[in-house]
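In what follows, a structure is listed as C-alpha coordinates, so that the remarks can point back to it.
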Amino acid sequence: MNGAFTDKTKTQIRERSKGRCEICGFPISSGGQIHHRRPRGKGGTTSAETASAANGIRLHPACHERIEMNRAWARERGYLVPFGTNPETVPVRLPGGWFLLGASGESSQ
(Lines give C-alpha, C1' and ligand atoms only; values in the text may rest on other atoms or scores of the structure.)
Protein backbone atom coordinates (compact mmCIF):
# COMPACT_ATOMS: atom_id res chain seq x y z
CA MET A 1 0.00 0.00 0.00
CA ASN A 2 1.57 3.30 -1.06
CA GLY A 3 -1.14 5.73 0.02
CA ALA A 4 -1.86 6.87 -3.53
CA PHE A 5 -5.46 7.63 -4.39
CA THR A 6 -7.11 5.13 -6.74
CA ASP A 7 -8.99 6.36 -9.80
CA LYS A 8 -12.24 5.56 -7.96
CA THR A 9 -11.20 7.66 -4.95
CA LYS A 10 -10.11 10.55 -7.17
CA THR A 11 -13.55 10.46 -8.80
CA GLN A 12 -15.24 10.51 -5.38
CA ILE A 13 -13.18 13.55 -4.36
CA ARG A 14 -13.85 15.36 -7.67
CA GLU A 15 -17.59 14.68 -7.36
CA ARG A 16 -17.65 15.96 -3.76
CA SER A 17 -15.87 19.17 -4.84
CA LYS A 18 -18.50 19.85 -7.54
CA GLY A 19 -15.80 21.28 -9.80
CA ARG A 20 -14.57 23.79 -7.22
CA CYS A 21 -11.46 24.22 -5.11
CA GLU A 22 -12.28 22.94 -1.64
CA ILE A 23 -10.45 25.84 0.01
CA CYS A 24 -11.32 28.99 -1.94
CA GLY A 25 -14.50 27.71 -3.60
CA PHE A 26 -13.63 29.05 -7.05
CA PRO A 27 -14.16 26.79 -10.08
CA ILE A 28 -11.35 24.53 -11.21
CA SER A 29 -11.42 24.78 -15.00
CA SER A 30 -9.17 21.80 -15.63
CA GLY A 31 -7.14 19.42 -13.55
CA GLY A 32 -6.58 20.76 -10.11
CA GLN A 33 -4.65 18.83 -7.51
CA ILE A 34 -5.70 16.39 -4.82
CA HIS A 35 -4.01 17.06 -1.51
CA HIS A 36 -3.38 14.37 1.12
CA ARG A 37 -4.64 15.84 4.41
CA ARG A 38 -2.57 13.29 6.31
CA PRO A 39 0.72 13.10 4.42
CA ARG A 40 1.87 9.81 2.95
CA GLY A 41 5.39 9.99 4.42
CA LYS A 42 6.64 8.93 7.85
CA GLY A 43 4.56 5.76 8.00
CA GLY A 44 1.31 7.26 6.76
CA THR A 45 1.27 4.87 3.83
CA THR A 46 0.56 1.77 5.92
CA SER A 47 -2.97 2.84 6.90
CA ALA A 48 -5.96 2.39 4.60
CA GLU A 49 -7.23 5.86 5.55
CA THR A 50 -4.29 7.46 3.74
CA ALA A 51 -5.80 6.57 0.36
CA SER A 52 -9.45 7.25 1.33
CA ALA A 53 -11.55 10.14 0.07
CA ALA A 54 -11.66 11.49 3.64
CA ASN A 55 -7.94 12.16 3.34
CA GLY A 56 -8.13 14.07 0.06
CA ILE A 57 -9.30 17.53 -0.92
CA ARG A 58 -9.30 18.99 -4.44
CA LEU A 59 -7.45 22.28 -4.83
CA HIS A 60 -6.11 24.90 -7.17
CA PRO A 61 -2.31 24.66 -7.32
CA ALA A 62 -2.02 28.04 -5.53
CA CYS A 63 -4.26 26.85 -2.67
CA HIS A 64 -2.21 23.65 -2.43
CA GLU A 65 0.95 25.73 -2.18
CA ARG A 66 -0.69 27.85 0.53
CA ILE A 67 -1.17 24.71 2.64
CA GLU A 68 2.43 23.66 2.16
CA MET A 69 3.78 27.13 2.99
CA ASN A 70 1.47 27.77 5.99
CA ARG A 71 1.34 24.50 7.87
CA ALA A 72 0.06 25.88 11.21
CA TRP A 73 -2.78 27.67 9.40
CA ALA A 74 -3.54 24.45 7.48
CA ARG A 75 -3.63 22.32 10.66
CA GLU A 76 -6.05 24.77 12.31
CA ARG A 77 -8.45 24.31 9.39
CA GLY A 78 -8.11 20.54 9.03
CA TYR A 79 -6.21 20.73 5.74
CA LEU A 80 -3.40 18.85 7.47
CA VAL A 81 -4.10 15.92 9.80
CA PRO A 82 -1.54 14.62 12.32
CA PHE A 83 0.05 11.23 11.77
CA GLY A 84 -1.80 8.48 13.59
CA THR A 85 -5.13 10.33 13.31
CA ASN A 86 -7.94 9.06 11.10
CA PRO A 87 -8.88 11.91 8.70
CA GLU A 88 -12.56 10.94 9.06
CA THR A 89 -12.44 12.25 12.66
CA VAL A 90 -10.91 15.67 11.89
CA PRO A 91 -13.28 18.42 10.70
CA VAL A 92 -12.11 20.43 7.72
CA ARG A 93 -13.02 24.00 6.78
CA LEU A 94 -14.57 23.98 3.32
CA PRO A 95 -16.64 26.66 1.59
CA GLY A 96 -19.89 26.64 3.52
CA GLY A 97 -18.52 25.67 6.91
CA TRP A 98 -16.89 22.85 8.82
CA PHE A 99 -17.35 19.29 7.55
CA LEU A 100 -16.36 15.75 8.36
CA LEU A 101 -15.32 13.86 5.23
CA GLY A 102 -16.22 10.21 4.78
CA ALA A 103 -14.13 7.43 3.27
CA SER A 104 -16.49 7.19 0.28
CA GLY A 105 -16.35 10.88 -0.61
CA GLU A 106 -19.36 12.11 1.34
CA SER A 107 -19.29 15.15 3.62
CA SER A 108 -21.43 16.09 6.61
CA GLN A 109 -21.66 19.25 8.67
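The values are calculated or read from the model by the stated rules, or taken from the named source; none is laboratory data. These numbers were taken from a predicted model, which means no experiment stands behind them. Cβ sites come from the backbone with ideal geometry, for glycine too, and all protein chains shown count toward neighbours. Heads up: the accessible areas ignore ligands, DNA and RNA and are worked out on the full protein's heavy atoms, side chains in. Shrake-Rupley method; radii C 1.70, N 1.55, O 1.52, S 1.80 Å.
Okay, residues lined up against (1) in contact with a Cys (Cβ under 9 Å, 6 or more places away or on another chain); (2) surrounded by fewer than 17 Cβ atoms within 10 Å (Cβ to Cβ); (3) farther than 15 Å from Ala4 by Cβ:
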| position | (1), (2), (3) |
| --- | --- |
| Arg14 | no, no, yes |
| Cys21 | yes, no, yes |
| Gly31 | no, yes, yes |
| Ile34 | no, no, no |
| Ala51 | no, no, no |
| Pro61 | no, yes, yes |
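Assess whether Thr89 counts as being open to solvent by 50 Å² or more (accessible area, probe 1.4 Å), at negative phi and either of a type outside the set (Ser, Thr, Tyr) or at pLDDT below 95 (or both).
no
Which residue pairs have Cβ atoms closer than 7 Å, lie 6 or more positions apart in sequence or on different chains, and pair a first residue in the range 92-103 that is of a type in the set (Gly, Ala, Ser) with a second residue that is open to solvent by 10 Å² or more (accessible area, probe 1.4 Å)?
Gly97/Gln109; Gly102/Glu88; Ala103/Ser52; Ala103/Glu88
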